[in-house]
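**Student:** I am attaching a structure below and will ask some questions about it afterwards.
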Amino acid sequence: MITLSHYLIVSGILFALGLAGVVARRNIIIIYMCLEMMLSAANLTLVAFSRFHVLAGLPDYSAQALVFFTITVAAAEVAVGLAIIVALYRSKQSVEVESVTKLQG
């Protein structure tokens, strides 16, 4: 039987991998994907707590509604973030963090 702790362990591992990717990598696209992984780990935690919180014999789905809205906002964020990354690539011809942090042309 899968318990709440199993979901939380998987979510913690996903979040830790995302955090390690953000800290260790220098490619903006990889950093962006790791940030999305961290967001997915938080959503998994919300769904797990929602599933195991029982009211009157039925699961409480209010947190799952919140996850639906966060996924919607994340989709919009992906569109804007990728547009910014493409614009940075067109101006700097690189997606490395060091090339973007320099303010010289």
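**Student:** Just to check I understand the Karplus step: with θ = phi - 60° and J = 6.51 cos²θ - 1.76 cosθ + 1.60, what whole-Hz values come out for segment 80-96, glycine and proline as x?
**Tutor:** Whole-Hz 3J(HN,Hα) from phi for segment 80-96: 5, x, 5, 5, 5, 5, 5, 5, 5, 5, 5, 7, 9, 6, 7, 10, 7.
**Student:** Here is a further query. Taking each pair of different alpha-carbon atoms in segment 1-55 once, compute 1/r for the pair, average those values, and report the inverse of that mean as the Kirkwood hydrodynamic radius in Å to one decimal.
**Tutor:** Every distinct Cα pair counted, the radius reaches 11.8 Å.
**Student:** Then there is this: Given a cut-off of 13 Å, what percent of all Cα-Cα pairs of segment 44-105 lie beyond it?
**Tutor:** Above the 13 Å cut-off, segment 44-105 has 71 percent of its Cα pairs.
**Student:** Also, quick follow-up: Which percent of the accessible heavy-atom area of segment 1-44 goes to carbon and sulfur, probe 1.4 angstrom?
**Tutor:** 78 percent
**Student:** Something else: Please report, in debye to the nearest 20, how large the charge dipole of the chain is about its Cα centre when each Lys and Arg carries +1 at its beta carbon and each Asp and Glu carries -1 there.
**Tutor:** Approximately 280 debye in magnitude.
**Student:** Would you work out which of Val86, Leu35, Tyr61 lies farthest towards the positive end of the dipole of the chain, given +1 charges on the beta-carbon of Lys and Arg and -1 on that of Asp and Glu, about the Cα centre?
**Tutor:** Val86
**Student:** Another question about this same structure. Which whole-number value in Å² is the accessible area per residue of the chain, probe 1.4 Å?
**Tutor:** Solvent-accessible surface per residue comes out at 69 Å².
**Student:** Here's a follow-up. Can you give me the Rg/Rh ratio for segment 4-97, using Cα atoms for both radii and the Kirkwood formula for Rh?
**Tutor:** That ratio is 1.12, to two decimals.
**Student:** Right, next: Do any trypsin sites (Lys or Arg not before Pro) in segment 1-82 lie in a DSSP loop with no more than 13 other beta carbon atoms within 10 Å, and if so, which?
**Tutor:** Answer in residue order: Arg26.
**Student:** Another one. Can you compute 3J(HN,Hα) from phi for each residue in segment 13-30, using the Karplus curve 6.51 cos²θ - 1.76 cosθ + 1.60 with θ = phi - 60°, rounded to whole Hz and x for Gly and Pro?
**Tutor:** Rounded to whole hertz, the list is 5, 4, 5, 5, 5, x, 5, 5, x, 5, 6, 8, 8, 10, 8, 5, 5, 5.
The values are calculated or read from the model by the stated rules, or taken from the named source; none is laboratory data. Here the structure is a predicted model, which is why all the values come from computation and not from measurement. Cβ sites come from the backbone with ideal geometry, for glycine too, and all protein chains shown count toward neighbours. Ligands, DNA and RNA are excluded from the accessible area calculation, which covers all protein heavy atoms including side chains. Shrake-Rupley method; radii C 1.70, N 1.55, O 1.52, S 1.80 Å.
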